[in-house]
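To start, the structure itself, in structure tokens.
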Amino acid sequence: MRLIESGDVRLALFEEGDPGNPTILLVHGYPDTHRVWDEVAEILRERFHVVRYDVRGAGRSTAPRDHHDYDFDHLAADLVAVLEAIGKPRVHLVGHDWGSLQCWEAVTRPRVRARVASFTSFGGPGLDQAAAFMRYGKRREVLSQLTRSWYIGAFQTPVLPELAWRRLMPAALARTMHGEGIEPRPGHPADTLVRDGRNGLWLYRANMMNRMRVPGDPNVDVPVQLIETTRDIFVAPALLASVGQWVPRFWHRRVPAGHWAQRSHPGVVARMVAEFADHLEGAPAARGLRRARVAEGSKAFEDRLVVVTGAGSGIGRATARAFAAHGAEVVCADLDPAAAARTADEIVKDFAGTAHAVEVDVSSADQMETFAGNIAKNHGAPDIVVNNAGIAIAGGFLDHSLEDWRRTLDVNLWGVIHGCRLFAAQMVERGEGGHIVNIASMAAFTPSRPLPAYSASKAAVKMLSECLRADLAGQGIGVTVICPGFVSTAIARNATYRGAEVREAAVRGLAMRGYPPERVAAHVLRAVHRNEAVVPVNLEAQVGYALSRLSPGAMRAFARLTGTIRR
């Protein structure tokens, strides 16, 4: 630690890591100190020169004599003093909360802009950008942000906020952090919390109202990475989404975390900061960074990695092609390697896309472990997984052998379980969310005499999906179950029949229905985009789903009349 002068204050500056490496400058928010970055700094210092400082009036830094000297002019002067002390021509700037607000302001100033190679922001958009949002944003979204920002008005009042910091505010801060799964540790919250909290009130008083009434130019011409913490109670998603219009070189990433993501998810934050700095230093962009780039003309699933099982034909093939057409890199997995290769080749030929063919038996735990491990090793954690592989065995319950039941459940249910378990773990470890799509059937909610094993397996997939959706929501992972009705695929032709032979009738029936798998694929993409839970596809599935909820007795009566295959 060393002290540097900036006007009438002394700033406490902290450095670690090799000064010969690229420099990352971490700026804390209110009411924190540099210690809020401890976990992130520990990770980054292995590869970077990491610099932190306590802003004026916080931690070991002194406070200005005049409270009005917490304005942006003085904060920018502090940042310039820190940059001069570092002595590097360029640094990578990272700001959180008020640290982010002051950095947004500072990077518009020539003396700072010339020294900043990149800026990573989270927990606090710039006031100029926020003012534009308040003026031109949708009324409902603006009201949502104003509701979240009630405390800003409260901080403008005299005396009362200072009194609140004696007792109420420390306890409220502890409860808020506890709600994010963060517990106190040495250094955070700091021993100087009450003093820091009272001093920092002048950040709001000296800047907020004046700047919101008379905002500056919101345009920023340094590369900006915005990390949106999706459970942040202080910043509305719509406000963050509006920021990109002011930044030509803009990357927008999301972490399923609360306001203090550097405490709750330090590994994820450190990785994002490092990937951005590495890229601006000349390294190829990591996949997560590529898909985060906001640019005109980008496709909906640009640079997403999508894994589709049963991709050799039918719904799986159509879904793999649809994702590829919208910019995704697709892993086409199938029990039939030739069929998987055909789908992958079509993607390359028809869309100039990137696709990989893999042979895998989804019913085999060992094969799925190897398959998922190879995906992680060669491509990284997938963004979207579509568990589609399935089989059908038709016939009465007493005509089904024990092996029929085992095979149906192994593929239709255990294949989904393996895919969900293995890839959800990868998504959770990556810490950036994702989406899992499980293909079930209207048979999940419409009982049928000739499909006992198939219907049971699909009903289990539906319930599994709904359980997973609740379980993984906190990790930012969406789960959708797709329940198609009659679809013109080869499932009837490939099904195994027990008892009376109805193969030809089933094949003709699905062909006559004329509902192509490409339409199911469109529902899959839309469900991922909207994060839908249960999607019955086509008219008979929608009617069946509604009746299963409104009149289960009628569905049971109808089941006695059924005699065809659904999927």
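Exactly one residue out of 519, 508, 449 is open to solvent by 70 Å² or more (accessible area, probe 1.4 Å) and either over 29 Å from residue 551 (Cβ atoms) or at pLDDT below 75 (or both), and it is 508. Of the candidates 169, 177, the single residue that is farther than 26 Å from residue 255 by Cα and of a type in the set (A, V, I, L, M) is 169. Here's a check for you: in the range 56-79, which residue that is part of a helix (DSSP H, G or I) and within 34 Å of the chain's Cα centre (by Cα) is farthest from residue 18 (Cα to Cα)? Checking each candidate, the answer is 72. Could you say whether any residue in the range 370-380 is aliphatic (A, V, I, L, M), surrounded by fewer than 19 Cβ atoms within 10 Å (Cβ to Cβ) and at pLDDT 95 or above? Yes, the range 370-380 contains a residue that is aliphatic (A, V, I, L, M), surrounded by fewer than 19 Cβ atoms within 10 Å (Cβ to Cβ) and at pLDDT 95 or above.
On inspection, residue 89 fails the criterion of being assigned to a loop (DSSP other than H, G, I, E, B) and open to solvent by less than 50 Å² (accessible area, probe 1.4 Å). For the criterion of being more than 27 Å from residue 403 (Cβ to Cβ), surrounded by 24 or more Cβ atoms within 10 Å (Cβ to Cβ) and modelled with pLDDT of 95 or more, residue 482 passes.
Looking at 107, 112 in this structure, which one is within 28 Å of the chain's Cα centre (by Cα) and open to solvent by less than 20 Å² (accessible area, probe 1.4 Å)?
From the options 107, 112, the qualifying one is 107.
Scanning the range 396-415 for residues that are out of contact with any helix residue (DSSP H, G or I) (no Cβ under 7 Å at 6 or more places or on another chain) and aliphatic (A, V, I, L, M), we see that the one that is surrounded by the most Cβ atoms within 10 Å (Cβ to Cβ) is 411. Of all residues in the range 92-109, those satisfying the criterion of being over 22 Å from residue 35 (Cα atoms), out of contact with any strand residue (DSSP E or B) (no Cβ under 6 Å at 6 or more places or on another chain) and not in a helix (DSSP H, G or I) are 108, 109.
With the requirement that a residue be farther than 23 Å from residue 198 by Cα and of a type in the set (Ser, Thr, Tyr), what does the range 22-61 give you? Answer for the range 22-61, where residues must be farther than 23 Å from residue 198 by Cα and of a type in the set (Ser, Thr, Tyr): just 23.
Only residues that are part of a helix (DSSP H, G or I), in contact with a helix residue (DSSP H, G or I) (Cβ under 8 Å, 6 or more places away or on another chain) and under 12 Å from residue 230 (Cβ atoms) were counted across the range 462-478, and they come to 1.
Within the range 359-367, identify whether any single residue is within 22 Å of the chain's Cα centre (by Cα), acidic (Asp, Glu) and over 30 Å from residue 560 (Cβ atoms), and answer yes or no. No, that holds for no residue. If you go through the range 307-334 and keep only what is open to solvent by less than 10 Å² (accessible area, probe 1.4 Å), in a strand (DSSP E or B) and under 17 Å from residue 415 (Cα atoms), you end up with 307, 308, 309, 331, 332, 333.
The values are calculated or read from the model by the stated rules, or taken from the named source; none is laboratory data. Remember, it's a predicted structure, so these values are computed and weren't measured experimentally. Neighbour counts run over all protein chains shown; Cβ positions are idealised from the backbone, glycine included. To get the accessible areas, we keep the full protein, side chains included, count just its heavy atoms, and leave off ligands, DNA and RNA. Shrake-Rupley method; radii C 1.70, N 1.55, O 1.52, S 1.80 Å.
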